[in-house]
Amino acid sequence: MKLPATTKSLLHLPTRTKTGTIIGLRYFSGELDDPHKPLPPPQPVSEIVSLLNTTDHNDWNSKPQLVEFLHTPPFPTSLLKITRQLGSTEKALQFFEFFKSHSSSSSSSPSSLSFTFQAILEQAMREEISDVPSKLYQLFSFAKDREIPLSINAATLLIRCFDRAKMLEESIAVFNALDPESRNTNVVNLLLDCLFRGGNIDDGFKVLDEMLDRDSSFPPNESTMDIILSAIWKRNWVGRRMSVEEICGLVVRFFEHGVFLDDVWLTKLITNFCRSGKCNKAWDLLHDMMRLGGQAEAVSFNALLSGLGRERDFEKMNLLMNEMKGKEIKPDVVTFGILINHLCKSYKVDEAMQVFEKMGGSESDGILVKPDLVLYNTLIDGLCKVGRQEEGFKLMEKMRLESGYEPNTVTYNCLIDGFCKAGEIERSYELFDQMKKGGVVPNVITLNTLLDGMCKHGRVNSGIELFAEMQGKGVKGNAITYTILITSFCSVNNIDKAMNLFNEMSENGCFPDAKVYYSLILGLCQARRTNDASCVASKAKEAGFGLDIICYNALIGGFCRKNKIDEAHNMLRDMEEAGIKPDRYTYNTLISYFSQKEQFATAHRVMKRMIDDGYLPNVVTYGALIHAYCLAGNVDEAMKIFQNMSSSTNVPPNTVIYNTLIDALCKSDKVEAGISLLGDMKDKGVRPNTITYNAIFKGLQERNWVEKAFQIMDQMTENACNPDYITMEVLTQWLSAIGETEKLRSFLEGYEVSTSTA
DNA sequence: ATAGGGTTAG
């Protein structure tokens, strides 16, 4: 919202004031003009009060004491005190009239009347009457008719009362009735609060604009800031009606008046700006405030660090940490936690460990912050995520010994995931047992982590058992549990089971989210049931889950594999209509399709569009082309691309590329060339796998080149590469036929060869 | 601080 530049003062706010003393205010704030001036003799307030309270108002004229009292001009504060003690609004009003009729024009100064009126209002507020706001409004009108100026307290009292009764117009009327000379920042704040909470935002901003003026009569204070920020916050204007930039501009104007954000607001704003992707604005806000003299603390710095971390802007993070050091703002455990977390998320675990070591205190910095459990867990997770789960495990032990923290569910979950991802399901299961024995309660994340590990390593049935066991212990599955199971069943082509799970989940009180639909779509595509996948896609859309790029790619790939290029085109069009742009995967899928159809010209056209779109061909692109040329029987062209990759692109060939070529060479009776490529792999540090060796063995079998096969078998063992059912098939057939069963037996020793054909 | 989908190879 743009703040209008006001030319005319709103609500009769004066644009400038003469510096003048507001007598009433001074009295009321307990200050006297001159504390050394001798005080006049005390006036008998309590005697007057008891006389008034014991006499009917019609008889007041016959009491000389009263009349005399009013003829010597009383202090306005004495009148205030007296009126306050009269017990009822009615009596207070009677006294007011009595006082007015008896005081000379010189003695009935406006402030005397104001104070008396103020006391009447206070009295009315205290009385148990049904409609206080309308009673007060009557009194307000009464004062207006008699031209009694409002004291600042009376105005405050009236505005507060009308505001509570949601009588915005009346609140504004009171403010307008207040003599501009007697207004102050507090009463303007009150008006501002009424306007914002009453929904009169435009006028609210106009008033605020005047307050924030360079030579404002009512410079803003901390309350003004609080009122305006609360208004912005409650209406959730960030990113809607009021932009981050506008909020920044507004707050800086407060800074220029020396009014700064407290830690809570500063932190809130920084967090919010960062979440709207405006870290630079959060940065400016913090720095503007400090530049103009405000003080910030570690929490606010932490909020900004966290935002910068999400953007992986380590340069700025370091800059900010150094600023903290310069300003002697001590980083706390959260500061280090943020830094370590984001280093871990960027796989910079060694740097994270260095920061961790530094926390413990170093000669140069003397920083000493004790790491907490969260920080240890962050590091353990970071280690696990880069395949260093064994170090993660050791860190847990170290944590126990050195810091005395017992691992919690999160610690175990991180380690279990680490060992699962490394395929060490047994270790994960041991950790799971250990946690249960240690009284650490597994949660749904533990279940999902372990379940995923089991499913991905061919133990779906154990996974199902685990799920049942956990359900028995009160751990219910969630959408993620079902995603894991559905994905797993699809991957072993058990579509019925996957569909059943999908249908069952809602009955178990667990409703499918987008990713459950996606997993089913992907699984069906993978299982070559593209039409079914397409149906599920329609269902997903009906349920309000638009497809994402991964789904579209899977469907496009599925139709391509089925040779249904028209359907694939429809999907591409659908995708475009949904506003989703093709990515590297889409292009590679299409390139793979066209080149396998030997439409190399089209494949190259797609590749050009891919480059125009900003995606350089990667190892998969080249792999698709190489594979297609091999299939087309043009191994020479495939080899040319392979050589071109190494010489003129920055794309090093991977195992898949080598496997494709080795297989093609061996099949076209060029085993020597294949073996030479295997040597090349070793030189380039590309790990051969079972597929590599199988291709070689087949080629060697064709030539009956036994000695070479024995060499390669030894190499395979050295490389800890497990034979699979294809290796078994080739070698048993060949070696038993030529009576080399002993070599075969020793080769297979210690292997548990999977016999599944999955 | 911890959990769930994707492109190339036999």
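The values are calculated or read from the model by the stated rules, or taken from the named source; none is laboratory data. Model, not experiment: these values are computed from the prediction. Counting neighbours? That spans all protein chains shown, and the Cβs are built from the backbone with ideal geometry, glycine included.
A count restricted to segment A:476-498 and to residues that are crowded, with 20+ Cβ neighbours inside 10 Å and outside any helix (DSSP H, G or I) stands at 1.
Regarding segment A:432-439, can at least one residue be identified that is within 12 Å of DNA strand B (Cβ to nearest atom), out of contact with any strand residue (DSSP E or B) (no Cβ under 6 Å at 6 or more places or on another chain) and at pLDDT 95 or above? Write out each step before concluding.
Our first condition is that a residue be within 12 Å of DNA strand B (Cβ to nearest atom); within segment A:432-439, this holds for A:435.
Checking which are out of contact with any strand residue (DSSP E or B) (no Cβ under 6 Å at 6 or more places or on another chain) leaves us with A:435.
Subset that is at pLDDT 95 or above: A:435.
Yes, segment A:432-439 contains at least one residue that is within 12 Å of DNA strand B (Cβ to nearest atom), out of contact with any strand residue (DSSP E or B) (no Cβ under 6 Å at 6 or more places or on another chain) and at pLDDT 95 or above.
The combined condition, being surrounded by 20 or more Cβ atoms within 10 Å (Cβ to Cβ) and closer than 22 Å to residue A:201 by Cα, is not fulfilled by residue A:296.
For residue A:455, all conditions in the list (1) assigned to a loop (DSSP other than H, G, I, E, B); (2) on the phi < 0 side of the Ramachandran plot hold save one; what is the number of the exception? It fails just one condition, (1). When A:374, A:369, A:349 are checked against the criterion of being surrounded by fewer than 20 Cβ atoms within 10 Å (Cβ to Cβ) and modelled with pLDDT of 95 or more, a single residue qualifies: A:374. Of all the listed residues (A:206, A:268, A:281), the sole one being of a type outside the set (A, V, I, L, M), in contact with a helix residue (DSSP H, G or I) (Cβ under 7 Å, 6 or more places away or on another chain) and closer than 19 Å to residue A:306 by Cβ is A:281.
Do any helices (runs of 4 or more DSSP H) lying entirely in segment A:506-591 carry at least 2 residues that are away from DNA strand B (no atom under 13 Å from the Cβ) and within 25 Å of residue A:608 (Cβ to Cβ), and which ones are they? Walk me through how you get there before you give the answer.
Details: elements: A:514-526, A:530-542, A:549-561, A:565-577.
Qualifying helices (runs of 4 or more DSSP H): A:565-577.
For residue A:643, the conditions (1) within 12 Å of DNA strand B (Cβ to nearest atom); (2) under 18 Å from residue A:682 (Cα atoms) all hold with the exception of (1). Kindly evaluate residue A:634 against the criterion of being among the polar types (S, T, N, Q) and more than 8 Å from DNA strand B (Cβ to nearest atom). It is true that residue A:634 is among the polar types (S, T, N, Q) and more than 8 Å from DNA strand B (Cβ to nearest atom).
Consider residue A:741 carefully, then state whether it is modelled with pLDDT under 95 and either loosely packed, with under 15 Cβ neighbours inside 10 Å or among the aromatic types (Phe, Trp, Tyr) (or both). For residue A:741, the condition - modelled with pLDDT under 95 and either loosely packed, with under 15 Cβ neighbours inside 10 Å or among the aromatic types (Phe, Trp, Tyr) (or both) - is met.
Residue-wise test of (1) touching a helix residue (DSSP H, G or I) at 6+ places or on another chain (Cβ under 9 Å); (2) modelled with pLDDT of 95 or more.
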| residue | (1), (2) |
| --- | --- |
| A:452 | yes, yes |
| A:458 | no, no |
| A:476 | yes, no |
| A:487 | yes, yes |
| A:507 | no, no |
| A:510 | yes, no |
| A:525 | yes, yes |
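Note on segment A:397-413: residues that are surrounded by fewer than 21 Cβ atoms within 10 Å (Cβ to Cβ) and among the aliphatic types (A, V, I, L, M) amount to 2. Counting only residues that are under 17 Å from residue A:316 (Cα atoms) and either touching a Cys at 6+ places or on another chain (Cβ under 6 Å) or more than 9 Å from DNA strand B (Cβ to nearest atom) (or both), segment A:341-354 holds 6 of them.
Consider only pairs whose beta carbons are under 7 Å apart and that are at least six residues apart or on different chains; among these, list those whose first residue lies in segment A:682-697 and is within 19 Å of residue A:664 (Cα to Cα) and near DNA strand B (Cβ under 10 Å from one of its atoms) and whose second residue is at pLDDT 95 or above and of a type in the set (D, E, K, R). Close Cβ pairs satisfying both conditions: A:695/A:663.
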